[in-house]
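Heads up: the structure comes next, in structure tokens.
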Amino acid sequence: MNNICSVPFFRITFHHDIYGRENLAAVPCCGSWLKYPYSTFSIPVKEDTHHNVDVLGAWNSIEMKRFRASILNGSYEFCKKDTCPHLVSNTFPEFPNEALPYISKKETHLNYPPLSLVLGIDRACNLKCPACRGAKEPLANKKTYQRTSSFLNCGAKVVMMNASGELFINRYMMKVLQEFSFQKYPAIECINIMTNGTCFNKTTWSSISDDAKKLIGEVSVSLDSPNKETYESIRIGGNHSITMRNMEFISQLRQQNFIKKLTLVCVVQKKNVHELLDFISYSVKMKADILVLNKIEQWGHVQDYHFNKHMALPENWQITYKDSLEKSKSLLNEHNIRIMSNIILL
């Protein structure tokens, strides 16, 4: 089963519905790696009047089962095979034991809850990165607190917060972490954090409950560049010196084992492709465990003309930066840093 994608058999991702931001939708994987209709978070998600989310309904929805069938029959018809880093590298996460009986029988209805959730349910963010959004969205949705609490009580063991905005400015998601206890959320075994690093400091870290801190697994920081000019031109609204100071703090947490993995993320694009080796060198300095290096995708936040001229990777960029790519691979191998990428294969 090494060549079968396990993701839709243990994980599901929840987002706001792009057609109505007050509603939720789900997707089997990262939307930018999928073809329509899954690329638009097409799995409908129901919730009651108190914003308790029907996670199991989405988990075994017609759309989710159809997606699993496309994996089991080997067609991968809804996947972008040149974009998904798992398919590009032909390496997939291991199957959980719960899934094995269903895989052998090629069954798509799973009688166990999702083991892992990715929550991208609130777009509140302090940055305006062109690859992600057209404007700052600083205000969190009041529904987010109850929704997040509901997700954490659905039976999943692992949760990733927050894949669509900045966790540390989101008062409602932070409230869940500040109030988190083993008694309140007994099923949760691991909390992973996705952040832009701008507000991850001693103060915000200290505000998280002791029980939540004990479960922090992976911290994934979207950085794009360690260099001031490039960083501030891509991470619009970010302060380079503050983020670098926060990165030192996050790296210390990793070295002291308060967090179990440190992942640095770079969306490779026209403005930073020439700095790829710099990014990897910085990752070595920060003692990162994993690097995510994926090419920029057109999500429709800017016009195609602007995207192609100012953001998309230049034509024949792999030839232009051949030496940099080879040195990058050597550095990754030398320091045993894992990589998840659709542009570099080790």
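Some observations on this one:
- Of all residues making up the stretch 79-108, the number that are of a type outside the set (A, V, I, L, M) and under 19 Å from the mean Cα position of the chain (by Cα): 13
- Count of residues meeting criterion [in contact (Cβ under 8 Å) with a residue 24 or more places away in the chain and under 20 Å from Pro44 (Cα atoms)] in the stretch 67-88: 5
- On inspection, Arg123 passes the criterion of being in contact (Cβ under 8 Å) with a residue 40 or more places away in the chain, assigned to a loop (DSSP other than H, G, I, E, B) and within 20 Å of the chain's Cα centre (by Cα).
- So Pro114, is it at pLDDT 95 or above, buried (at least 16 other Cβ atoms within 10 Å of the Cβ) and in a loop (DSSP other than H, G, I, E, B): yes
- Across the stretch 126-155, the number of residues qualifying as surrounded by fewer than 20 Cβ atoms within 10 Å (Cβ to Cβ), in a loop (DSSP other than H, G, I, E, B) and among the small types (Gly, Ala, Ser) comes to 4.
- Pairs where the first residue, in the stretch 173-193, is farther than 18 Å from Arg147 by Cβ and the second is part of a helix (DSSP H, G or I) and not polar (S, T, N, Q), C-beta under 6 Å, 6+ apart: Ser181/Asp211; Phe182/Asp211; Cys190/Leu215
- Looking only at the stretch 102-157, residues that are within 21 Å of Leu177 (Cβ to Cβ) and touching an Asp or Glu at 6+ places or on another chain (Cβ under 8 Å) come to 13 in all.
- Of the residues making up the stretch 17-43, those that are assigned to a strand (DSSP E or B), in contact (Cβ under 8 Å) with a residue 24 or more places away in the chain and surrounded by fewer than 21 Cβ atoms within 10 Å (Cβ to Cβ) number 3.
- Contact map, the stretch 316-343: first residue on the phi > 0 side of the Ramachandran plot, second residue at pLDDT 95 or above and part of a helix (DSSP H, G or I), Cβ cut-off under 7 Å, separation 6 or more or different chains; the map is empty.
Residue by residue, here is whether (1) free of Cβ contacts under 8 Å to residues at least 24 places away in the same chain; (2) closer than 30 Å to Gln183 by Cα; (3) surrounded by 15 or more Cβ atoms within 10 Å (Cβ to Cβ) holds:
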residue	(1), (2), (3)
Asn201	no, yes, yes
Ile208	no, yes, yes
Gly217	no, yes, yes
Ser222	no, no, yes
Tyr231	yes, no, yes
Gly238	no, no, yes
Ser241	yes, no, no
Gln256	yes, yes, no
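- Restricting the stretch 277-321 to residues that are of a type in the set (Phe, Trp, Tyr) and surrounded by fewer than 17 Cβ atoms within 10 Å (Cβ to Cβ), the residue that is farthest from Ile259 (Cα to Cα) is Tyr305.
- Selection within the stretch 44-66 - out of contact with any helix residue (DSSP H, G or I) (no Cβ under 7 Å at 6 or more places or on another chain), hydrophobic (A, V, I, L, M, F, W, C) and without any contact (Cβ under 8 Å) to a residue 40 or more places away in the chain: Ile62
- Cβ-Cβ contacts under 6 Å between residues 6 or more apart (or on different chains), taken from a first residue in the stretch 89-102 that is closer than 16 Å to Leu72 by Cα to a second residue that is part of a helix (DSSP H, G or I), are listed as Phe92/His86; Ala99/Phe9.
The values are calculated or read from the model by the stated rules, or taken from the named source; none is laboratory data. Not measured: the values here are computed from a predicted model. For neighbour counting, all protein chains shown are included, and Cβ atoms are generated from backbone atoms with ideal geometry for every residue, glycine included.
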